[in-house]
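Below: the structure, in structure tokens.
The values are calculated or read from the model by the stated rules, or taken from the named source; none is laboratory data. Note that this is a predicted model, so its numbers are computed, not measured. Cβ placement follows ideal geometry from the backbone for every residue including glycine, while neighbour counts extend to all protein chains displayed.
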């Protein structure tokens, strides 16, 4: 990734899975002050969106929080993609 401080821009490249993108709505160092109900709704949304990969998603978010102080809540299958299975990879070729 390249940046230009004078122009306040950065250049990104196209990535292949696995990836985690879109940190625009992330909170740094301190989690947001969400109500318990809002957190429960968010967790339910994760279960619905990621189903069998939920444990992996939770682990990735926990690593971001513990290692980087990054609290990421806008997580969905378009910005968090795991490595493609061989079947998915074949669909691309």
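Working only within the range 35-54, note down all residues that are under 18 Å from residue 70 (Cα atoms) and without any contact (Cβ under 8 Å) to a residue 24 or more places away in the chain. Give the derivation first.
Step one: list which residues in the range 35-54 are under 18 Å from residue 70 (Cα atoms), which gives 39, 42-43, 46.
Across the range 35-54, the qualifying residues are 39, 43.
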task: Please identify the pairs in which a residue from the range 18-34 that is assigned to a loop (DSSP other than H, G, I, E, B) has its Cβ atom under 6 Å from the Cβ atom of a residue that is modelled with pLDDT under 90, counting only partners at least 6 apart or on another chain.
output: 18/82; 18/83; 21/79; 22/79
- request: Working only within the range 56-86, note down all residues that are within 15 Å of residue 18 (Cβ to Cβ) and either at pLDDT 95 or above or assigned to a helix (DSSP H, G or I) (or both).
  value: 56, 57, 59, 60, 61, 63, 64, 86
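Taking only the range 5-27 into account, find how many residues are at negative phi and either in contact with a strand residue (DSSP E or B) (Cβ under 6 Å, 6 or more places away or on another chain) or surrounded by 10 or more Cβ atoms within 10 Å (Cβ to Cβ) (or both).
13
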